[in-house]
Structures are given as C-alpha cells and as structure tokens.
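Each remark here refers to the structure printed beneath this line.
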Amino acid sequence: MYQLKQIPNHHQSESLVDLLRSRALKQPNAIAYKFLGDGENITLELSYKELDQKARSLGALYQNLGLTGKRVLLMYSPGIDFVSAFLGCLYAGVVAVPAYPPRRNQSLQRLEAIINDCQAEDVLTTSSVLQNIEHNLEQHPQLNSLRWLATDKLVNRLTTTWQPSPINKDSLAFLQYTSGSTGSPKGVMLTHGNLIHNLSLIHQNFGHNANSQGVIWLPPYHDMGLIGGVLQPLYGGFPVALMSPVDFLQKPVRWLEAISRYGGTTSGGPNFAYDLCVRKVTPEQMANLDLSSWEVAFTGAEPINPQTLEQFTDKFAEVGFRHEAFYPCYGMAESTLLVTGGNKSQAPILETVEETALAKNQVIRSIATGKGTKTLVGCGRVKADGKIAIVNPKTLTRCSANQIGEIWVSSESVAQGYWKQEQKTKEIFYANLATEKGNFLRTGDLGFLREDGELFVTGRMKNVIIIRGQNHYPQDIEQTVSQAHPALRGGCGAAFGVTINSCEKLVIVHEVERTYLKKIDPKEVTWDIRQALTAQHGLQVHDIVLLKPGSIPKTSSGKIQHFLCREKFQQGTFTPIEKSDHNEISKISKVKSTWTLAPAI
C-alpha cells in the first residue's frame, strides 16, 4: 500500500507524485483543471481527487504494460487527456516524451526523428488522434511498428493496483524536445528535482497563492505551456482554465474573455499574442471585458517589443488592465523554464541604447529615443541560487560592464543534458569559464546585465527564427527549400527572420542552378517553396528571393553568412532573378491548395 510522505507544504516535495497525492488527501474536492472545449465554455472539470484517481489508474495500466523506465511518446490534442496521461507517466516512472499530434497530410519527418532519438516503442494518444493518423501509418513503417494506445477508451478501474515507483529528485521525469534540427533533435532531460526547483522559482516570482487563478491557451508540448501553464497551478494549489491554442488563434478575444469570466490572475504568452489582441479585438468585443483581476501578464519565448506592451496597455486600460501587470521574463527548455523574472506589480523596465553600438556588442545608453536608438525590455533578475554570467564566447571570460556577450546560466533548474548526446551535453550544459570554476549552461543567446542585475536579451547567436513563439532552425528550413524544386542549388540558400510590424517574418533567399536560369518560371519555383514549407514546418513565407549562382554570402569555409544575408535583403542589395509576385502566389494558392495551414506556436 502507498504510504504518503509527510509533506507540510509543496516546498518540501521531492516529486509531483507526492505533491498531487497530498493535495488529493488534503483538498480532494478543490478544482484543479477546467477545460474550455470550445474556447469559451467549461466542458470538463477535474478535482484533485479525480485527477489523482486518473493518474493512478493510468499509472497502473502503464506498469501492467511494462512501460516503467521506458520512453513513451505522448501524442494528444491540448486538454485533460494529455494532463492525465502525463501525470500517469510520472506515477508509473515512465519517461514521457510530449509531441505535437501530426495534422492530416503533414510531414512526419520530425516525429520520426524524435522516435529514432529516444527509441520509443509505444505511443499514448486518444482515439480521435489515432483515427486522424491511421491512414498514414502504412506509408511509415516506423510508426506502424509502434504500439498505439488510446487512453480515452481504457476502463478506469485500476487505481487499487497502482504501485508507487521509487522516485526521488534525481529521477528522470520526461524528455522535452527542443525545436531543433529535424535530422538531429535534442531531448532535454528533466528530473523531478529540476521540475520542483523551477516550479518553486515561478511560484515565488509570480507571487502565487491558493487564491490565484490561471488561464492558459499555450500548447502543452513545450516548456511554457506544460511547466508554466499545466504544472505550476498544480504546484501552487490553485485552479487553471485551459483552452486550445487553435481556439485562441481563431478568435483572440476568447483568451481575454476567459480571464474576465473566471477572474484570471495569471496568464500570458509570447509577444505575438498580445499584438494579436491589439489588432484583432474589436471595440464591440471589449464591451463586456473586465481585466482588473489580471495580476501577472507574463511575456517571453520571443523578443519582447516595448511598443506591443504600450499598445496593449493603451487599448485595454479602459477594461481594467494595468501596465504593471506585465511580467517580462526569460527562460528556455534547457533550464526547465524560468531563468529570470521581475518583481510582481512593477512596470516593465526599459533601456534605450544606441543601435550602432549594439551592432558591435556594446551598450551605450541614450537619453533620447527615435532614429538610431533601440529600446530594450528588461527580463528581470536571477533569483534564489541561480547565477548568470555574460561571457565572451571566443575567450570564455566574463565580459566587462556595458559589453554584450553570451548568456550563461547556473542553477538547480538546469537540466541534466541532451538524451544520448554526451558531447553536445558537455559543450552546452557543462561549460567552464577560462578563469573560474563551476559549470554553466550556454544559452546561445546574447545580452547584458545592468548594474542592478537586470538582464537584457539583445539577440540570438544561434540564428533561431522565432515565429509566433515557436523556434525554427534555419538549417531545417533551408534543407526543405533546397528539395522543393530541382532548379534550386543545394547548400546555397539562407532562411532568416525579419521584423515586420512588430512580428518576425520568414524570408528565403536561394540560388538557382545555372542550367535552369533561362527555362524556369520563378513563380512556379516560389509556389513549390511555399507549399513545401507549409507542409513540412507549418510556415508561411513573407518573401522569397531567387538568385543567380554565387550570390549568397559565405565564409571562407563555405558556411552561409546569415547575418549578412539578412542585411543585404533589408538594404535591397540582392539582385533577384525575378521578384516574387506575392499577389499572384496568393491567387494560385487559393486555387491549387488542398491543405489547411495550422497555426505555428
């Protein structure tokens, strides 16, 4: 029989299993999760007692199936089924691997790469997801060879047969796959100790208590949605209303209506979500909103635009939103989630600097704003036992004041490394300064620390393209593009992001084979590129520039110079074969397209 450890409060828990078991005993009827099935109305609620019962029942099933200690793919649409299945894995000592359920007619290349990497043999899902993918299984022998289990059809009668697994803070909880290279995805190894430590940081930074109320639309497959949206309320013992990201994107006001209707105190998302509300929510829709309960409007996962914060405040102040509610923060999957955060109820901290100095990795503050300056949003400070170092990536020494360098992090929240990638783990998770002892996580992001410890993120060493909060690696996109049409030269293209109206947009520049220069229709090539990127990555392209051979800037070793490509595009110094006719492409897509573009988050 399971003997619950004596846990006075959540701060002393070693695992989420003990935490949920404790809540089921002490506050059994309190609501843990509400799910808004249509994005507006509650279609299902679960108390802590019911959640514990589901987790034990599924945990017992996983144990009976021999899944304990194995990596198991979780492929669910956002909702209670995912939450129950994930917690069931924790109860059974199964290493969960959350993954996006593939859309109809979508490429399964990334999913297959994840399966190859983690060596999963089983998939947990629902009957509806399984039905959507079944027609693809015969064409993909690797997927067809897996054991697929629809947990929504399983009988909930196994709670009494569940046996506690030997879990401690060092036990591997799940693999969080980053949005990395399709050919070599990276599974971040998170332990129960990592989770509890980071959840504690979030709880303290956000000022959560039993009276808090979460409202979350973020997808549960990545760190912000899963750890910040699903697990943080469980840790803090307060309810959360969950909705699908698709319901939000289809009608952004649903997010604000849910906060208004359920008295949400904590909610948030990437910069684009606030911008979407500014642009899409109408005065008529605002009439019944009341955002005065909103205490923590966190924002992160992509560059934070100060104009977006200002515009959102200006628009929604009349319905109770306070500028002080904005909570800029910085984090990543490799550090579980949160790295830095500000003080609750403090307005975002801004710093205006000279652009020319910024381009040279220097910080020169400017009193005036306008042309030649850039205003940055502070992402808070490191708390508790954490440390941040701003490091010169070439000399591996600390940068001097007012100098930009790579952000290095040390904390108990830093994950154990990448699954089965020892060399990459050593390079990224166990980095050492040239003159100091101690391991750091290399984030690949650039930034600086102000004298008071406030962190400002200025750029990304890794050239990651962030669109609607989702990271896309250029090499993945470039590989897809090079295979989209035979006229395109392999290894001679660049993908990068540019900021258009406060949003990051995708741009492709690519060389054409010399033998095709006089016989191709550029419109046909650009159409094929757009179709391939939608199918493979769920992305739309802002602009495509086709070039003659030898036009792409490269280093002496043959590497694409992405920064220079972006600069040449923005300056208009590329000489295209023929400018893509975007309006014509749009007409073609309406006629020829049989796919539906799903939102990329």
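Annotations for the structure displayed:
- Top-ranked residue in region 489-522 [being surrounded by fewer than 20 Cβ atoms within 10 Å (Cβ to Cβ) and among the β-branched types (Val, Ile, Thr); ranked as farthest from ASN271 (Cα to Cα)]: THR515
- Of all residues making up region 218-247, the number that are crowded, with 24+ Cβ neighbours inside 10 Å, among the hydrophobic types (A, V, I, L, M, F, W, C) and either in contact with a Lys or Arg (Cβ under 6 Å, 6 or more places away or on another chain) or without any contact (Cβ under 8 Å) to a residue 60 or more places away in the chain (or both): 1
- Residue in region 156-167 that is in contact with a strand residue (DSSP E or B) (Cβ under 9 Å, 6 or more places away or on another chain), at pLDDT 80 or above and of a type outside the set (Gly, Ala, Ser) present: yes
- Any hit, region 314-321, residues being crowded, with 20+ Cβ neighbours inside 10 Å, under 19 Å from THR458 (Cα atoms) and either over 24 Å from the mean Cα position of the chain (by Cα) or acidic (Asp, Glu) (or both): no
- Scanning region 76-127 for residues that are assigned to a strand (DSSP E or B) and either buried (at least 22 other Cβ atoms within 10 Å of the Cβ) or modelled with pLDDT of 95 or more (or both) yields VAL95, ALA96, VAL97, PRO98, ASP122, VAL123, LEU124, THR125.
- Here GLY550 clears all of (1) farther than 21 Å from ILE465 by Cβ; (2) in contact (Cβ under 8 Å) with a residue 40 or more places away in the chain; (3) surrounded by fewer than 17 Cβ atoms within 10 Å (Cβ to Cβ) except the condition numbered (2).
- Within region 468-494, tally of residues that are in contact (Cβ under 8 Å) with a residue 60 or more places away in the chain, of a type in the set (A, V, I, L, M) and closer than 24 Å to TYR177 by Cβ: 1
- Some residue of region 52-65 being among the acidic types (Asp, Glu), touching a residue at least 60 places away in the same chain (Cβ under 8 Å) and out of contact with any strand residue (DSSP E or B) (no Cβ under 7 Å at 6 or more places or on another chain): no
- Flag if GLY207 is at pLDDT 95 or above, surrounded by fewer than 24 Cβ atoms within 10 Å (Cβ to Cβ) and not assigned by TED's automatic domain parsing to the domain that holds CYS89: yes
- For region 169-185, taking the residues that are out of contact with any helix residue (DSSP H, G or I) (no Cβ under 7 Å at 6 or more places or on another chain) and modelled with pLDDT under 90, the one that is surrounded by the most Cβ atoms within 10 Å (Cβ to Cβ) is identified as GLY180.
The values are calculated or read from the model by the stated rules, or taken from the named source; none is laboratory data. Quantities reported herein were computed from a predicted structural model and do not represent experimental measurements. FYI the Cβ positions are ideal-geometry reconstructions off the backbone, even for glycines, and counts take in every protein chain you see.
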